[in-house]
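A.B. asks: Before I ask anything, let me first share the structure, which is written out below as structure tokens.
The values are calculated or read from the model by the stated rules, or taken from the named source; none is laboratory data. It should be emphasised that the depicted structure is a prediction, and the values quoted were computed from it without experimental measurement. Glycine gets a Cβ as well: all are built from the backbone with ideal geometry, and neighbour counts include every protein chain shown.
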Amino acid sequence: MKDEKNFIEPLFERVEEYGKTSFELIKLRAIDKGTDVASTFISRGILVPVFLMVVALVNIGVALWLGDILDKMYYGFFCVALVYIIIGSALCFLRKRIKKRISDLIIFQILN
């Protein structure tokens with residue numbers, strides 16, 4: 001009987017250590033994934049406003065240039081607006097595909 005206790009007791013201690021180690025490993029993996037996702041979103045959150053500023057300035061420049069070519073400044077802005085209407089319409093038709101790709105990208109980022 002005493003031998004069984006001596007045999008089972010270390011076994012329970014090892015199982016307990018394994019459980020604690022497994023829990024710690026899961027916790028560290030969750031922290032790693034969380035920080036990876038957060039850092040990705042924060043870095044993109046910093047880059048997006050800069051990119052939008054550049055796009056806005058380029059659009060103004062193109063609109064002024066087109067207006068100069070067409071002899072009326074507002075024609076250039078109308079042309080740029082028309083391009084955005086076309087792009088917006090295309091994105092509207094493709095929004096389900098875009099949403100699925102973004103969802104897949106987020107899931108891939110979290111799982112890897």
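A.B. asks: Considering the range 1-54 alone, what residues qualify as being under 33 Å from the mean Cα position of the chain (by Cα) and of a type in the set (Val, Ile, Thr)?
C.D. replies: The answer is THR21, ILE26, ILE31, THR35, VAL37, THR40, ILE42, ILE46, VAL48, VAL50, VAL54.
A.B. asks: Among (1) at pLDDT below 90; (2) outside any helix (DSSP H, G or I), which single condition is ASP71 missing?
C.D. replies: (1)
A.B. asks: Considering (1) over 30 Å from CYS79 (Cα atoms); (2) surrounded by 10 or more Cβ atoms within 10 Å (Cβ to Cβ), say which one MET53 fails and leave the rest.
C.D. replies: Failing condition for MET53: (1).
A.B. asks: Next question, about the same structure. Against the definition (in a helix (DSSP H, G or I), modelled with pLDDT of 90 or more and polar (S, T, N, Q)), how does SER89 come out, yes or no?
C.D. replies: In short, yes.
A.B. asks: Just one of (1) surrounded by fewer than 10 Cβ atoms within 10 Å (Cβ to Cβ); (2) modelled with pLDDT of 90 or more trips up LEU64, so point out which.
C.D. replies: Condition not satisfied by LEU64: (1).
A.B. asks: For PHE12, state whether it is surrounded by 10 or more Cβ atoms within 10 Å (Cβ to Cβ) and not aliphatic (A, V, I, L, M).
C.D. replies: no
A.B. asks: Among the residues of the range 98-112, how many are out of contact with any helix residue (DSSP H, G or I) (no Cβ under 9 Å at 6 or more places or on another chain) and surrounded by 10 or more Cβ atoms within 10 Å (Cβ to Cβ)?
C.D. replies: 8
A.B. asks: Somewhere in the range 53-62, is a residue in a helix (DSSP H, G or I) and touching a residue at least 60 places away in the same chain (Cβ under 8 Å)?
C.D. replies: No, every residue in the range 53-62 fails to be in a helix (DSSP H, G or I) and touching a residue at least 60 places away in the same chain (Cβ under 8 Å).
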